[in-house]
Amino acid sequence: MNSEKASVVSAATTVAWLILVIATALGWWLGQAGQANTQGVSLATAGAIVVAFIKVWIVGFQFMELRHAPRWLRHTFDAWVVAVCVALLLICLR
């Protein structure tokens, strides 16, 4: 791997890692806000679920190398992430 390609991969990994750190802080904040306000518990829980599945997608795409996978595998993973997230949201907000 040449140095230009390595630096691009390294930059993409760093950006993904920073997004994961920010998403973790957001999920933590939603959990704390949900505990402080009893009326917003289900909304805070739904927000935490969405943030968690965004993190799942980033890990799959960036760190499990799905960006280089065949198209059908990427789309299957995307569909799985969306389907499970929606199912959990429906259970949560019910």
Query raised in the report: under 16 Å from I22 (Cβ atoms), of a type in the set (V, I, T) and in contact (Cβ under 8 Å) with a residue 40 or more places away in the chain - does that describe any residue in the range 43-57?
Result: no
Query raised in the report: Which condition number in (1) modelled with pLDDT of 90 or more; (2) aliphatic (A, V, I, L, M); (3) under 22 Å from W17 (Cβ atoms) is the one that L30 fails?
Result: (1)
Requested in this report: Determine the pairs where a residue that is within 20 Å of A12 (Cβ to Cβ), located within the range 61-83, has a partner that is open to solvent by 90 Å² or more (accessible area, probe 1.4 Å) with Cβ atoms under 6 Å apart, the partner being 6 or more residues away or on another chain.
Outcome: V81/W57
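The values are calculated or read from the model by the stated rules, or taken from the named source; none is laboratory data. Just so it is clear, the structure is predicted and the values come from calculations on it, not from any experiment. Here the Cβ is made from the backbone with ideal geometry for all residues, glycine too, and neighbour counts use every protein chain on show. What goes into the accessible areas is simple: the full protein's heavy atoms, side chains included, and nothing from ligands, DNA or RNA. Shrake-Rupley method; radii C 1.70, N 1.55, O 1.52, S 1.80 Å.
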